[in-house]
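The values are calculated or read from the model by the stated rules, or taken from the named source; none is laboratory data. What you see is a predicted model; the values in this text were computed from it and never measured. Glycine also receives a Cβ, built like all others from the backbone with ideal geometry; neighbour counts cover every protein chain displayed. Accessible surface areas use protein heavy atoms only, side chains included; no ligands, DNA or RNA. Shrake-Rupley method; radii C 1.70, N 1.55, O 1.52, S 1.80 Å.
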Amino acid sequence: MKKRISQLLSLFLLLTTSSLAAQENRYTLKDGDRSGIGKWYMDREIAHVMGYQGMPWLERDERETEENTTTLFENMNISKTDDIADVGAGSGYHVFRMARKATQGTIYAVDIQEEMLTAMRNKKSDGKFANVTLVKGSEKNINLKPNSVDKVLIVDVYHEMSFPYEMMASIKKAMRPNGKLYLIEYRGEDPNVPIKKSHKMTEAQAVKELKSVGLILKENKDNLPWQHCMVFVKA
């Protein structure tokens, strides 16, 4: 009996060690672009996170012209009953616009920065957005229940995730079977898009990375001024 327990313990330790090694091997550290953090995933350098100090840029008057949020929401085909997660919601630029459309659903505003959550909490203070739920995420988890959302929106945030594999696995888990992920990233294929290289992404790179967690590209709606609107579903 003791021998059997010892064998099972050894097997558990071996599997745990192998799992940790696999996680470590997903990422490499090396020099890169000044706007990157020196951490690489699938040959892509992860970019620095835009801090809460960038809130004025998120709320800039030119954003509708530059990003055409109206068309983005048309792409998402938001219904009144949709439950939607905005991952990396920032100051809530998209959150409260979606809340006016999904009036019978819930908008989960997920962010890891307390200052961003405070900004959104202040916008909720007048009681007009009872269908908005603020969620403090982490670098590896969006902290939503399994099968809880119909749609996920990630706008110019994925390239900054410190642990993209773990985060996307968490997001996939939260998506319902027919759920859709709308991944919005500045087009890395277009040198005329006036954004730093590490803050842009090609379609091919996004497809490669999300495939690793079991998400496949259904379509790329090519109707935004500077950004991809990539729609991913569960494989």
> So how many residues does the range 130-158 have that are over 13 Å from Lys172 (Cβ atoms), over 12 Å from the mean Cα position of the chain (by Cα) and open to solvent by less than 20 Å² (accessible area, probe 1.4 Å)?
Replying inline: 2
>> Every residue in the range 99-129 that is over 21 Å from Pro56 (Cβ atoms) and either open to solvent by less than 50 Å² (accessible area, probe 1.4 Å) or at pLDDT 95 or above (or both), please.
In response: Ala99, Arg100, Lys101, Ala102, Thr103, Gln104, Gly105, Thr106, Ile107, Tyr108, Val110, Phe129
> Taking the range 220-235 on its own, how many of its residues are outside any loop (DSSP other than H, G, I, E, B) and of a type outside the set (Lys, Arg)?
Replying inline: 8
> Across the range 122-164, what is the number of residues that are of a type in the set (Ser, Thr, Tyr), more than 24 Å from Ile37 (Cβ to Cβ) and in a loop (DSSP other than H, G, I, E, B)?
Replying inline: 2
> Quick one: how many residues across the range 44-77 are charged (D, E, K, R) and in contact (Cβ under 8 Å) with a residue 24 or more places away in the chain?
Replying inline: 6
> Is one or more of the residues making up the range 53-74 within 19 Å of Tyr186 (Cα to Cα), of a type in the set (Gly, Ala, Ser) and either more than 20 Å from the chain's Cα centre (by Cα) or open to solvent by less than 30 Å² (accessible area, probe 1.4 Å) (or both)?
Replying inline: yes
> Out of the residues in the range 191-207 that are charged (D, E, K, R) and not in a helix (DSSP H, G or I), which is surrounded by the fewest Cβ atoms within 10 Å (Cβ to Cβ)?
Replying inline: Lys196
